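Report on one structure; see the data block that follows.
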Amino acid sequence: MSHLLEVKDLEVKFALRFGELTAIDGVSFTLDKRDRLGIVGESGAGKSVTGFAIINLLSKPGYISAGKILFEGQELNRLPEEEMRKIRGNRISMIFQDPMMTLNPVLTISTQMVETVLAHQDVSKADALDIALEKLKKVYIPSPEKRLSQYPHECSGGMRQRIVVAIALLTNPSLIIADEPSTALDVTIQAEIMDLLLELCETGDMGLILITHDLAVVSQVTEKVAVMYAGKIVETGSTEAVIHYPKHPYTQGLIKALPGSLQPGSRLNQIPGMMPTLTDIPRGCAFHPRCTISDTVCQMEVPALISVGDHDRMIACHMVGKTIP
Amino acid sequence: MQNRNGLLKIKNLVKHFDISGGLLDQLAIEKGRIVRRRTTVKAVNDVSLSIMPRETLGVVGESGCGKSTLARAVLGLYPPNSGEIYYQNKRIDNLTPHKMLPYRKKMQMIFQDPYASLNPRMTVKKTLEEPVFFHNKSITATQVKEKVAEVMQQVGVDPQWADRYPHEFSGGQRQRISIARALTVDPEFIVADEPVSALDVSIQAQILNLLMEAQEKRGLTYMLITHDLSIVQHISTSVAVMYLGKICELAPTKELFESPRHPYTQALLSAVPEIGRKKTEHVKLKGEVPTPINLPSGCVFHGRCLYVNDRCIDEPPRLIRLDSGTQVACHGVEDGRL
Ligand SMILES: Nc1ncnc2c1ncn2[C@@H]1O[C@H](COP(=O)(O)OP(=O)(O)O)[C@@H](O)[C@H]1O
Ligand SMILES: Nc1ncnc2c1ncn2[C@@H]1O[C@H](COP(=O)(O)OP(=O)(O)O)[C@@H](O)[C@H]1O
Ligand code: SF4
Ligand SMILES: [Mg+2]
Ligand SMILES: [Mg+2]
C-alpha cells in the first residue's frame with residue numbers, strides 16, 4: 001500500500017568545521033491522504049529541520065545523510081532541484097510562523113498570487129486572478145477584491161497569515177506543512193487559523209503536517225502525533241491516546257508541566273534540566289539525565305521506537321512495560 | 001475598588017505616545033490650508049485598579065492592548081499623561097527621582113527577554129551585586145557577596161557560575177538570573193512582563209514554580225502580565241482583562257474563568273485551546289482590533305461586539321461592580337441585556 005508521504009529512517013546532519021552534528025536521527029512516519037499529523041516537542045527537538053528535509057530545503061551545512069522521503073511515489077531526496085521545484089510550493093505547500101517568509105513586501109497580494117499560479121499552472125493571467133480570488137474567499141478574507149491590490153504591510157499579522165494559507169492553496173496541494181503557523185498570533189486569531197486549517201483538511205483532499213510546540217493546538221487539530229526529543233521521535237500514536245495516556249516519560253512530563261490540569265496555585269510538575277544541544281547529546285537514551293525512572297540500561301543503549309499494545313502506538317523507552325503502566 | 005489596604009493603586013491612568021515625528025512629518029494639507037497634525041498612540045486609557053498585598057494580579061489581553069505600557073508606567077519608567085499611582089497610600093507618580101529611589105528598590109521588574117535586560121558585558125556576579133550596592137551604600141563587600149550567593153542558590157543558579165556572562169547560559173537560566181537580580185534588593189512588589197513567554201513548557205514550569213516559591217517565602221505581591229490564560233488561571237488571585245488600553249473586566253480569577261461577563265472576555269476564553277479537547281466552537285468576533293491611534297467612540301470594543309447597540313456606540317461604559325465581585329465595563333451587562 002502506498003502512502004501520500006513516507007519518511008523512512010531520515011537522518012540529517014550539519015557539516016560544521018569541527019565535525020558533523022546529527023540533528024535528525026532515524027525519524028520515520030507515514031501520512032495518508034486527509035491525515036493530520038502533529039509533530040510536537042520543545043525548541044531544538046528537530047521539528048523544523050524535519051519539515052525542511054521533506055521539501056529538500058535544508059539550509060547550507062545541513063544535508064540528508066541517510067533515509068528516504070517518498071511522496072506520491074517519488075523519492076524526493078533524490079530529485080534534482082529542478083524537479084523538486086515542481087513539487088515544492090505546488091504539490092506540497094508550506095506555511096511558516098512568520099508570514100513574511102512567504103510574502104514579498106514589495107509586491108501586491110495579487111501579483112504574488114498570480115505569479116504563484118502561473119509558475120505551476122498553464123492558465124491565462126485572468127484565470128490566475130480568478131483562482132487567487134477564489135482562494136482568498138476560501139480563507140474568509142473580507143472584501144477579497146480590495147485585498148488583492150494591497151501590499152503585505154497594509155494587512156494585520158492575522159490577515160497576512162490568512163493570505164499565506166490562501167497562497168498555499170493556490171495549487172491545490174496534496175500536502176501542507178505548517179511550521180508553527182499560529183505561534184506569533186493572538187489567541188483569538190490563532191483559533192481562526194486553526195479552524196481554517198481543520199476545515200480545509202476536512203473538506204479538501206489534503207494531508208497536513210502541523211509542527212508546533214503547543215500540545216493544546218495539536219490535540220485540537222490533529223489525529224496523529226509524533227513527539228520529538230533531541231532529533232528522534234520518542235512517542236507516536238493517535239493524538240487522543242498520546243495526550244490522554246502518554247507513555248514516554250518525556251511526553252508525560254510535558255503534559256504534566258502544563259498549568260491547566262492542576263489545582264490553581266499548586267506547584268507545577270517540572271522536568272529537571274533542559275533539552276541537550278546537538279554537541280552534547282547524552283549517550284543511550286538522550287532523555288536519561290532528565291528522566292525520573294531511568295536505569296543503567298538507559299545510559300548505555302539507545303532505545304528503539306517499538307510498538308506497544310494499541311495498534312499504532314510506538315514508544316522509545318527501555319522502561320516501558322517495566323515501570324510505566 | 002479603591003481599597004484603603006491596596007499595596008498598589010492606580011487611578012485613571014492615561015499614557016499616550018506622541019509619534020508625530022518631526023515638524024515636517026506633521027504637516028498636511030487640508031482643504032487647501034496647511035495644518036499641523038499630531039499622531040498619538042493611546043496605549044493606556046483611564047485605567048484604575050488596585051493590588052492587595054501578597055496578591056497576584058494577572059493582566060491579560062492581546063498584543064498591543066497596553067499591558068507593557070501599563071507595567072512601565074506603574075514603575076515610573078514612563079511618565080503618565082494623567083492619573084495617579086499610589087504605593088502604600090503614598091502618591092508616587094509625581095516624585096522627583098531622588099524621592100522615588102526607595103520605591104525603585106521596593107518595586108522591581110522582570111522582563112520577557114532576559115537577554116535584552118541583562119548587560120552582556122557584565123558577569124552574573126556583577127549583575128547581581130550592582131543593585132545591592134546601589135540601594136544600600138553602607139553595605140560591606142562581604143555582606144553583598146553573601147547576599148548574592150544566597151539569592152543565586154534560591155533561584156537555582158549555581159553560585160560557582162557567578163563569573164560567567166549571560167550568553168553562556170540557556171534562556172531558562174538567564175530568566176533565573178534576572179529573577180535573582182530583582183530579588184537581591186528584597187523588593188515587595190514585582191511586575192513580571194511575560195516572564196515565561198519565550199521559554200519551553202518544561203522550563204516554564206521551573207520558572208513559574210520559582211516565582212510562586214519566592215512569593216510564598218518573601219510575601220511578595222505580583223503584577224503578572226501574560227497572554228497565556230492558563231498561566232494566569234494557575235497563579236493569579238485576580239485578573240484584569242485589557243482591550244485597547246482599557247480594562248474591560250477585572251475579577252477574582254475563579255469568577256473570571258467560571259463566568260466571564262464581558263463579551264470580549266468571553267470571546268478570549270473561548271478561543272484558548274485546551275489540551276485533550278477537540279476543537280470546539282469559539283466565539284467569532286467581527287473584524288479586527290482597531291489601532292490605538294483612532295480609538296472607537298463609546299465602548300472601545302463596539303465594532304467587534306456581537307451585542308452592540310446605539311448606547312455602546314455613543315457612550316463609553318463605566319467599570320461597574322457586580323455582586324459577584326466582578327467589575328465589568330459593558331452597557332449590555334449594566335442594562336441587564338447580558
Ligand atoms: N543551519 C543550522 N546549522 C547548525 N545547526 C542547526 C541549523 N539549523 C538547525 N540546527 C540545529 O538543529 C536542531 C534542531 O533544530 P530545529 O529543527 O530548528 O528545532 P525545532 O524546530 O524543533 O525547534 C537544533 O539543535 C538546532 O540548533
Ligand atoms: N515607546 C513607545 N512609543 C510609541 N508607541 C508605543 C511605545 N510603547 C508602546 N507603544 C504602542 O502602544 C500600544 C500598546 O503597546 P504595549 O503596551 O507594548 O502593548 P502589549 O504589551 O499589551 O502588547 C501599541 O500600539 C504600541 O505600539
Ligand atoms: S458595551 Fe456594548 S459594545 Fe461594548 S462590550 Fe458591552 S455590549 Fe458590547
Ligand atoms: Mg522550529
Ligand atoms: Mg507587552
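A simple rule links phi to the HN-Hα coupling: the Karplus curve 6.51 cos²θ - 1.76 cosθ + 1.60 with θ = phi - 60°, which for the stretch B:305-322 gives 7, 7, 10, 5, 9, 4, 4, 4, 6, 8, 10, x, x, 8, 7, 10, 9, 9 Hz, with x for Gly and Pro.
For the stretch A:5-323, the orientation-averaged shadow of the C-alpha convex hull comes to 18.2 nm² (one quarter of the hull surface).
Computed across the stretch B:54-136, the Kirkwood hydrodynamic radius from all distinct Cα-Cα pairs reaches 15.0 Å.
For the stretch A:1-157, the mean projected area of the C-alpha convex hull, equal to one quarter of the hull surface, is 11.7 nm².
Within the full protein context, the accessible area of A:His153 is estimated at about 130 Å² for a probe radius of 1.4 Å. A Stokes-Einstein calculation at 4 °C with viscosity 1.567 mPa s, built on the Kirkwood radius of the protein assembly as shown over Cα pairs, returns a diffusion coefficient of 47 µm²/s.
Which one of A:Met84, A:Pro303, A:Gly26 has its Cα pushed farthest toward the positive end of the charge dipole of the stretch A:5-323, where Lys and Arg give +1 and Asp and Glu give -1 at the Cβ? Going by the charge dipole, the pick is A:Pro303. From the Cα gyration tensor of the stretch A:231-325, with a ≥ b ≥ c the square roots of its eigenvalues, which class applies: rounded if a/c is under 1.5, or else prolate if a/b is larger than b/c, or else oblate? Because a/c hits 1.5 or more and a/b fails to exceed b/c, the stretch A:231-325 counts as oblate. Per-residue surface analysis assigns A:Cys291 an accessible area of about 30 Å², computed on protein heavy atoms at 1.4 Å probe radius. The charge dipole of the stretch A:1-150, taken about its Cα centre with unit charges on the Cβ of Lys, Arg, Asp and Glu (plus for the first two, minus for the last two), comes to roughly 280 debye.
To the nearest ten degrees, helix B:171-183 and the longest principal axis of the Cα atoms of chain B are 80 degrees apart.
By a 1.4 Å probe calculation restricted to protein chains, B:Ser82 has an accessible surface near 50 Å², given to the nearest 10. When the residues A:Thr292, A:Thr30 are ordered by accessible surface, computed with a 1.4 Å probe over the protein chains alone, the sequence from largest down reads A:Thr292, A:Thr30.
Taking only Cα atoms, what is the 0 to 90° angle, nearest 10, from helix A:109-120's long axis to the longest principal axis of chain A? The angle comes out near 80 degrees. Return the whole-Å distance between the Cα centroid of the stretch B:290-338 and the Cα centroid of the stretch A:276-325. Computed from Cα coordinates, the inter-centre distance equals 54 Å.
The 3J(HN,Hα) values that the Karplus relation (6.51, -1.76, 1.60; θ = phi - 60°) gives for the stretch A:211-217 are, in residue order, 9, 7, 8, 9, 5, 5, 5 Hz. Gly and Pro appear as x. Expressed to the nearest 5 percent, the antiparallel share of DSSP beta bridges inside chain A is 60 percent.
Beyond 17 Å, what percent of the Cα pairs of the stretch B:288-338 remain?
Values: 452 of 1275 pairs.
For the stretch B:288-338, the share of Cα pairs beyond 17 Å comes to 35 percent.
For chain A, which span is the longest to avoid every loop-located (per DSSP) member of trypsin sites (Lys or Arg not before Pro) having at most 10 other Cβ atoms inside 10 Å? Excluding the exposed sites themselves, the longest stretch runs over A:18-321.
Of the beta bridges in the stretch B:8-259, as assigned by DSSP with both residues counted there, near 60 percent are antiparallel. Fraction of C-alpha pairs exceeding 24 angstrom in the stretch B:216-322: 31 percent, rounded to a whole number.
Where does each of B:Ser230, A:Ser59 land when they are ordered by accessible area, with a 1.4 Å probe and the largest first?
Result of the area sort, largest leading: A:Ser59, B:Ser230.
Counting only lysines at least 8 places from A:Lys13 when in the same chain, those with an alpha carbon closer than 27 Å to its own are A:Lys47, A:Lys60, A:Lys68, A:Lys86, A:Lys224, A:Lys232. Fully extending the segment from A:Leu16 to A:Thr30 would add 2.0 nm, taking 0.36 nm per residue of separation and subtracting the current Cα-Cα distance. Within chain B, the longest segment free of exposed loop sites, counting GluC sites (Glu not before Pro) that fall outside DSSP classes H, G, I, E and B and have at most 15 other Cβ atoms within 10 Å, spans B:1-273.
Ignoring the sites themselves, chain B has its longest run without trypsin sites (Lys or Arg not before Pro) in a DSSP loop having at most 13 other Cβ atoms within 10 Å at B:138-276. Close amide H contacts of B:Val59 (hydrogens built in the peptide plane, cut-off under 5 Å, sequence separation of 5 or more or a different chain): B:Leu224, B:Ile225, B:Thr226, B:Ala240. Remark: the Cα gyration tensor places the stretch B:8-259 in the prolate category, a/c being 1.5 or greater and a/b exceeding b/c. Calculated mean residue ellipticity, 222 nm, the protein assembly as shown: -9500 deg cm²/dmol, from DSSP H runs (n ≥ 4) at -39500 (n - 2.57) each, averaged per residue and rounded to 500. Using only Cα atoms, locate the centre of the stretch A:2-65 and the centre of the stretch B:119-163, then give the distance between them in Å, rounded to an integer. Centre-to-centre distance over Cα atoms comes out at 43 Å. Tell me the angle of helix B:97-106 to the major Cα principal axis of chain B, expressed in degrees between 0 and 90 and rounded to the nearest ten. The angle comes out at about 80 degrees. Sort out for me the Cα centre separation of the stretch B:194-273 from the stretch A:100-178, rounded to whole Å. Rounded to whole Å, the Cα centres lie 37 Å apart.
For A:Ala23, the residues whose amide H sits under 5 Å from its own are A:Val12, A:Lys13, A:Phe14, ignoring neighbours fewer than 5 places away on the same chain, with H placed 1.01 Å from N.
Just the accessible area per residue of the protein assembly as shown, please: how many Å² with a 1.4 Å probe?
On a per-residue basis, 45 Å².
The values are calculated or read from the model by the stated rules, or taken from the named source; none is laboratory data. As the structure is a prediction and not an experimental result, all values here were calculated from the model. So basically every Cβ, Gly included, is an ideal-geometry build from the backbone, and we count neighbours across all protein chains shown. Calculation scope for accessible area: heavy atoms of the full protein, side chains included, ligands and nucleic acids excluded. Shrake-Rupley method; radii C 1.70, N 1.55, O 1.52, S 1.80 Å.
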